[in-house]
Amino acid sequence: MTDFSTIHQPVLLDECVDLVAPALREPGSIVVDCTLGLAGHACAFLKAAPHARLIGIDRDREALGMATQRMREEGLETRFTPVHAAFDEFSRVLHDLGIHSVQAVFMDLGLSSLQIDETDRGFSYSHDAPLDMRMDVTQSLTARTVLAQYSERDLAYIFKTYGEERFARQIAHAIVEERATGPIVTSGQLNRLVDRTVPKAHRPAGNPAKRVFQALRIEVNGELDKLAHTLPQAANHLAVGGRLVVESYHSLEDKTVKSFMRDGLESDAPAGLPVIPDDAKPFFTALTRGAVKADEQQIADNPRSASVRLRAIELARPIPERWRERFEHMAVDGVGRDRRAGSQHHGHGTHGTRRG
């Protein structure tokens, strides 16, 4: 029997259970865990809601296998359905299962413990490994491909936008120079390149390559695009009283989630109306005051929780038809009413079409 507690510490577990479980009181309630990983949160949800069932989505077949094993060992297997898919296939997954609405949707956008701790896919700058970074190894685009084929301009863009890297242009230039003499194929090579490029006097705490690795992972897996496409699908499948709970670890992820939730938390009636029509009233209710963060003790116990931002909403009334249509449109292009989270679509370069 595998001791999952030694390899996987779910972030803000109690807080997530407290937000998800109240929506799962009725027999037959369904929660979709869009980022199953090693099922730490998923197991806790099923234990807290003994009448509910859970659909667990993950792009990583290895993680799905381990999560299924864990569910079996915990005696939860009969209430668990694993699905190999990217979470932006949310609507298709439910359609294939013959499900129209669900009572809760959960997303933990952090890299799973399995992927962080694995040494053979190049996710971590702590181990010298092939630069792969695919969450789904069946897709074609890898980190090595990005470093080999993207233009200097595109590399600088993703390092600056997805990694918030101050020296993005310098690092991109160094990569283009180095690859002219030979390919960059391992995390150790990239680590050393960044170490040579970033001035020692201007380094943040920790490894100077951390932000570059983060940006590459987001690009390879299309994470921000997939998030922007998935949130409206999740909302359109929530039953009234259903809850959407999201943990983000990156400022652009949190901005995307906050922007999407705000669409349903605010009235969209024209300013100055003496009475707001029922159809224009908010349809989401906030369950968190802003974003919940890990406290000092939680960070000490689990350093991976340091950057987490947890937000949650409840569907208070049926989503107006015009908003349902808008969400269907957003599920295709990922863009909200004023492109507040529009950084995912930078419009130059070709790499957006290569994602698996």
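Numbers at a glance
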| quantity | calculated |
| --- | --- |
| Percentage relative contact order, segment 180-318, counting C-alpha pairs under 8 Å, at least six apart | 26 |
| In Hz, Karplus ³J(HN,Hα) per residue of segment 201-215 (6.51, -1.76, 1.60; θ = phi - 60°; x = Gly, Pro) | 6, 10, 8, x, 5, x, 5, x, 8, 4, 6, 5, 4, 4, 5 |
| Helix-derived mean residue ellipticity, 222 nm - over the chain, DSSP H n ≥ 4, -39500 (n - 2.57), to 500 | -12000 deg cm²/dmol |
| Restraint check, 226/255; 47/255; 200/293; 255/293, Cα-Cα greater than 25 Å | 47/255; 200/293 |
| Segment 148-213: C-alpha gyration tensor shape, a/c 1.5 cut-off, then a/b vs b/c | oblate |
| Which labelled figure in (i) -0.45; (ii) -0.34; (iii) -0.40 is log10 I(q)/I(0) by the Debye sum over Cα atoms at q = 0.08 Å⁻¹, once derived from the coordinates | (iii) |
| Spin-label pair residue 279/residue 152, simplified geometry with 7 Å Cα→Cβ offset, distance in nm | 5.5 |
| Dipole moment magnitude, nearest 20 debye, the chain about Cα centre, only Lys, Arg, Asp, Glu C-beta charged | 800 |
| Phi-based couplings in Hz for segment 163-178 (Karplus 6.51, -1.76, 1.60; Gly and Pro marked x) | x, 6, 8, 5, 9, 4, 5, 5, 5, 4, 5, 5, 5, 5, 5, 5 |
| Those chymotrypsin sites (Phe, Trp or Tyr not before Pro) in segment 211-296 that DSSP places in a loop and that have at most 10 other beta carbons within 10 Å | none |
| In segment 234-342, GluC sites (Glu not before Pro) in a DSSP loop with at most 13 other beta-carbon atoms within 10 Å | 266 |
| Rounded if a/c under 1.5, otherwise prolate or oblate - segment 1-91, Cα gyration tensor axes | rounded |
| Prolate/oblate/rounded call for segment 218-269, Cα gyration tensor, a/c under 1.5 rounded | prolate |
| Beta bridge orientation in the chain: antiparallel %, DSSP, nearest 5 | 40 |
| Trypsin sites (Lys or Arg not before Pro) restricted to segment 15-67 and DSSP loop, no more than 16 other C-beta within 10 Å | 25 |
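We did not get these values from a lab; they are worked out from the coordinates using the rules stated. Since we're looking at a predicted model, the values are computed, not measured. Glycine also receives a Cβ, built like all others from the backbone with ideal geometry; neighbour counts cover every protein chain displayed.
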